[in-house]
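Please read the structure below before turning to the comments.
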Amino acid sequence: LAAGLAIILLNGSDSGVFALYITFLFLFVYSSKDEKKLAVFSEMLLIFSVINTAIAAINRLRPTLFSFHGFLGDILMEIPVAVFVLALAIALFIYAKRSLKKGSDINPGFKRYAGSLSVAVTFLAAAVLIILIMVNTRLGGTLPLIGRNPFFIFDGAWGTKRSIDWTVGLRNWWYADTLHKILGVGPDCFWFHAAENEELSLAIWRAFGESRLTNAHCEILTILVNTGIVGVAAFLFLVISFFRVFAPKLKENPKYLMFVLPMVMYLSNNMISFQQLMNTPLLFALMGTGASALVKER
């Protein structure tokens, strides 16, 4: 666990750090109503925060040691942020361990509101960030304090050029005729369809040179272009059906977490990333294994 968390923090992937946050958020919501689960979660968060603080300290002492950097990872490597997360983890760890003692229990208010409040704060923070990016970009990067921070200027370099990926992806679908909007331009045909459009091919060339853009760095957008509205509908049907089947089971038996959690991690990563040979086949294998476990249980 410690090695895996360290790798995520050190590889400079914003989508990896984002997926890690969503994973911890999901686990906190899942464990916030049960003393034993909360204690286990607090241990995981403490391990993460200790590793993050150590990396932040090393980065402060040797700024050139780490080769890969991303906006979210760099924020975590700031000493004040790392210390705050560590303090939060220690406080939760102490609270969870005390709640496990005989005759003790999690505060009813904590059980009722902690999970939903953490989700609400996440959505609020995301909304504030989006508004700040939109306003600061429109004002030409002149907002106080954050104005010249690249994260708050939505231009061609934003999000390691995800702004280009998403714009090209949307236009790639929009420029298709009605039939191909519905059925898509064909599996793995994202690049070929974009290359036929002079505007899109020029935008790709300016951003990536001779490299080919084979996806929109967002799985939903990529599916929309390749397999159209029908493909997106099928994908969403699969995901929604999965959660409708497994979410109730998760309340009954914690073993189903091994199937639900990978789906949460996959979706949170791939909504700002893309399918890969190492994760997509594994996801479907886990879904199949989970379905088999359900059938055997019946």
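The values are calculated or read from the model by the stated rules, or taken from the named source; none is laboratory data. Everything numeric in this text was worked out from a predicted model, so none of it was measured. Cβ atoms come from the backbone with ideal geometry, glycine included; neighbour counts cover every protein chain shown. What goes into the accessible areas is simple: the full protein's heavy atoms, side chains included, and nothing from ligands, DNA or RNA. Shrake-Rupley method; radii C 1.70, N 1.55, O 1.52, S 1.80 Å.
What the table below lists for this structure:
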read-out	value
Surface accessible to a 1.4 Å probe, per residue, for the residues of the chain, Å²	58 Å²
q = 0.11, 0.12, 0.18, 0.19 Å⁻¹, the range 133-268: log10 I(q)/I(0) [Debye, one scatterer per Cα]	-0.57, -0.65, -0.98, -1.01
Cross-link partners of Lys249 among aspartates and glutamates (Cα-Cα below 14 Å; sequence separation of 8 or more within a chain)	Glu297
Helix 219-252 axis, angle to the chain major axis (alpha carbon atoms, nearest 10°)	10 degrees
Long-range tail of P(r) for the range 198-298 (Cα pairs > 15 Å, %)	70 percent
Nearby aspartates and glutamates by direct alpha-carbon distance to Lys251 (threshold 12 angstrom, same-chain neighbours under 8 apart not counted)	Asp34
DSSP-assigned coil residues among trypsin sites (Lys or Arg not before Pro) in the range 128-215, each with at most 14 further Cβ atoms within 10 Å	Arg148, Arg212
Protection-proxy order for peptides 236-243, 53-60, each taking the mean of Cβ atoms within 10 Å per residue, highest first	53-60, 236-243
P(r) histogram, all alpha-carbon pairs of the range 6-82 included - 5 Å bins from 0, percent	3, 16, 24, 23, 15, 10, 6, 2, 1
Portion, in percent, of the accessible area of the range 1-158 that falls on carbon or sulfur, probe 1.4 Å	74 percent
Relative contact order (percent, whole number), the chain, Cα cutoff 8 Å, 6+ residue spacing	17 percent
Cβ-Cβ FRET estimate between Phe71 and Leu145, R0 fixed at 22 Å, reported to 0.05	0.90
Net length gained if the chain between Phe208 and Thr160 were fully extended (0.36 nm per residue, minus Cα distance)	16.2 nm
Those lysines that a straight Cα-Cα span of less than 21 Å connects to Lys255, excepting residues fewer than 8 apart in one chain	Lys33, Lys36, Lys37, Lys296
Acute angle (nearest 10 degrees) that the helix 257-270 long axis makes with the longest principal axis of the chain, alpha-carbon atoms	40 degrees
Residues whose placed amide H lies under 5 Å from that of Ile272, excluding near-sequence neighbours	Glu219
Protein accessible area in the range 203-290, 1.4 Å probe - carbon and sulfur %	71 percent
On Cα atoms only, tilt of 35-61 relative to the major axis of the chain in degrees	60 degrees
C-alpha center-to-center spacing [the range 1-26, the range 270-298] in angstrom	20 Å
The range 181-236 - convex hull of alpha carbons, volume per residue in Å³	67 Å³
Computed [θ] at 222 nm, helices only, for the chain once each DSSP H run of length n ≥ 4 contributes -39500 (n - 2.57)	-24500 deg cm²/dmol
Amide proton proximity set for Ala157, modelled H, under 5 Å, gap of 5+	none
